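Worksheet for the structure shown next.
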Amino acid sequence: MASKGIYQYTVQESNNAGLGQGGSVYLNTNAKTFTPTNGVIVAIQVLGEEVKLDVLTAEDSSKFIGIGGTGYESAGDTFDSDVILPASSTIFGRFTSVSLAADQSDNNGIICYIG
């Protein structure tokens, strides 16, 4: 699904990719940097308490926010090297990798949705 260019999807495939239908991954330890082998991370949902990310790599740092990127047309500010996401929040974008800065307790952490 993710190997197609952005304009080669059917309407249904496009909707599925945008909703994270490519799968999901749960992370709660800082020992892992998650990089999808097929597709990109389209949403990150925080479970329970706030989390700090030490890796958040945008697919294209001139279009999408991430650590060290300014986002769309370089119009925004950059995230610091440690991004704190509030409890129960969800961010959307196109990320190629993500990592937690610290271990989380049980039932806390993040869910990454792939599209």
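The values are calculated or read from the model by the stated rules, or taken from the named source; none is laboratory data. Since this is a predicted model, take the numbers as computed values, not measurements. Glycine also receives a Cβ, built like all others from the backbone with ideal geometry; neighbour counts cover every protein chain displayed.
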| note | The condition from (1) surrounded by fewer than 18 Cβ atoms within 10 Å (Cβ to Cβ); (2) touching a helix residue (DSSP H, G or I) at 6+ places or on another chain (Cβ under 9 Å) that F64 misses is numbered (1)
| Counting only residues that are exposed (fewer than 14 other Cβ atoms within 10 Å of the Cβ), assigned to a strand (DSSP E or B) and either at pLDDT below 70 or touching a helix residue (DSSP H, G or I) at 6+ places or on another chain (Cβ under 8 Å) (or both), how many does the range 1-53 have? | 0
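Which residue, of I91, I111, I84, is assigned to a strand (DSSP E or B) and surrounded by fewer than 15 Cβ atoms within 10 Å (Cβ to Cβ)?
Working: I91 fails: surrounded by fewer than 15 Cβ atoms within 10 Å (Cβ to Cβ); I111 fails: surrounded by fewer than 15 Cβ atoms within 10 Å (Cβ to Cβ).
Exactly one of I91, I111, I84 is assigned to a strand (DSSP E or B) and surrounded by fewer than 15 Cβ atoms within 10 Å (Cβ to Cβ), namely I84.
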| field | Residue list for the range 46-62, filter: free of Cβ contacts under 8 Å to residues at least 40 places away in the same chain and either under 18 Å from N28 (Cα atoms) or of a type in the set (S, T, N, Q) (or both) | value | E50, S61, S62
